[in-house]
Amino acid sequence: MILAITLNPSLYKTSIVDGFKLNDTNEVIDYRIEFNDGPIHTAHTIKTLQGDPFLVGFVGGPGGRHLKGYLEKSKIKSDFTWMDQEIKTIHKIIDSIKGIETVLVDQGISIDEKAIKSFFQKVQNHIQEITLFILSGEMPNGIEEEDINRLISIAFEKRKKVILSLEGTYIINILEKNPYGVLLDKKNLDALGISTEDKEKMLSECYSLLKTNRIKHMAIYLDDKGIYTLTKSKICYASYSPQLEFDTNNDKGIKDSILGSFALGIDRGYEQEKIARQMCAVEIASKVANYEELCQRKEIDNYVKKIKVKELMSKSKGLK
């Protein structure tokens, strides 16, 4: 079983109006509610690929009930700490006539000491059942870096593999904890002072980071039709042809879905090339997913056949 920590779940609401007017009543002609970026997408992908995800974290309010209802329907297990607050919500209002978009973002839940105590108790209750531990996403108000360090320490004490994909500057100090795997995007690389302009230099610096911090698996997702995977023995690049045509229907939770595939591949002991190929297929399947659908198994199986994996560097090719 794979444990995905869900510290700051969020919903994304979209309302479309014809001619938005300030200080007036506006009729909504179309409305949708989706899961925003976060571990829900990670857990969904693991489940879709016939893995066994388990979620622990914080939820609350009508949004939290909506989230729990989805998990129950999808048969994804969870043990949340319930908050008397609404989870983070992003509300986009689109004026279909003027082409103007207005985005409202609330602050989400704020974690107090009682909730933190309950959360850590739940983590301790389930840590023996799991094989792999995923820590990803944004941090809510009330969660400090020392809490993140404590989570990682709990996993290490029980000899669990830790996979990280954190937002913002948290990633800088956490890498020193020697996680088993890490998924990085451009924002992470920027925070680490690694430029993506020169790919060869980028990979060299990331490989040095991998060795220095004794990381077993590293993946880099830049949303540029490919994914890099690095281990101590080689660097691979999985990509799809620019001629491959598909309609992008979704832009929510792409990185998080890829993370689910990455973690499951590591948990199952897949070879590096297979991990990279499946991650790339999940990326496309997540982008083509229609509203009210997350990535589907049939789409992953379809696109995985169209992914090419190239070995860029290896020990035999001068990798040091």
For E197, net neighbour charge (Lys/Arg +1, Asp/Glu -1) across residues whose Cβ lies under 13 Å away:
-2
Rounded to whole Hz, the Karplus (6.51, -1.76, 1.60) HN-Hα couplings of segment 186-192, x for glycine and proline
4, 4, 5, 5, 4, 5, 8
Karplus-derived HN-Hα couplings along segment 261-271 (A = 6.51, B = -1.76, C = 1.60, θ = phi - 60°), whole Hz, x at Gly and Pro
5, 4, 5, 5, x, 5, 4, 8, x, 5, 5
Ranked from fewest to most other Cβ atoms within 10 Å of their own Cβ, V282, V288 fall in the order V288, V282
If every Lys and Arg gets +1 and every Asp and Glu gets -1 at its Cβ, then about the Cα centre the chain yields a dipole, in debye to the nearest 20, of 1700
Between K92 and residues 5 or more places away or on another chain, which pairs have amide H atoms under 5 Å apart, with H built 1.01 Å from N, and which residues are they?
K13, T14, S15, L104
Rounded to the nearest 0.05, what FRET efficiency is calculated for K158 and N23 with R0 set to 51 Å and r the Cβ-Cβ distance?
0.35
Sum of side-chain charges, E167 neighbourhood, beta-carbon under 14 Å (Lys, Arg +1; Asp, Glu -1):
-2
Sorted by packing (mean other beta-carbon atoms within 10 Å per residue), highest first, where do 217-225, 252-260, 27-35 land?
252-260, 217-225, 27-35
In segment 1-159, what % of DSSP beta bridges are antiparallel (nearest 5)?
35
If amide H atoms are modeled at 1.01 Å from N in the peptide plane, then the residues at a separation of 5 or more from S78, or on another chain, having amide H under 5 Å from its own are L55
Quick check: the distance between the Cα centres of segment 178-231 and segment 63-122, to the nearest angstrom?
30
Once label points are set 7 Å from the Cα along Cα→Cβ at both K308 and K199, what is their separation, rounded to one decimal in nm?
1.2
Summing Lys, Arg as +1 and Asp, Glu as -1, what charge do residues with Cβ under 11 Å from the Cβ of T131 carry, T131 excluded?
+2
Value in Å of the Kirkwood radius, where segment 235-278 supplies the Cα pairs that are averaged:
12.0
Over the chain, the sum of -39500 (n - 2.57) across DSSP H runs of at least four, divided by residue number and rounded to 500 deg cm²/dmol, gives at 222 nm -11000 deg cm²/dmol
Which value, to two decimals, describes the C-alpha radius of gyration of segment 239-320 once divided by 2.2 N^0.38 Å?
1.19
Check I134: other-chain or 5+ apart residues with amide H under 5 Å from its amide H, H built from backbone geometry?
L3, A4, I5, I163
Rounded to 5, the percent of DSSP beta bridges in the chain classed as antiparallel
45
Between K232 and D95, what is the label-point separation in nm under the 7 Å Cα-to-beta-carbon projection?
5.9
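Read-outs throughout are calculated quantities, based only on the coordinates presented, and are distinct from any laboratory measurement. Everything numeric in this text was worked out from a predicted model, so none of it was measured. For neighbour counting, all protein chains shown are included, and Cβ atoms are generated from backbone atoms with ideal geometry for every residue, glycine included.
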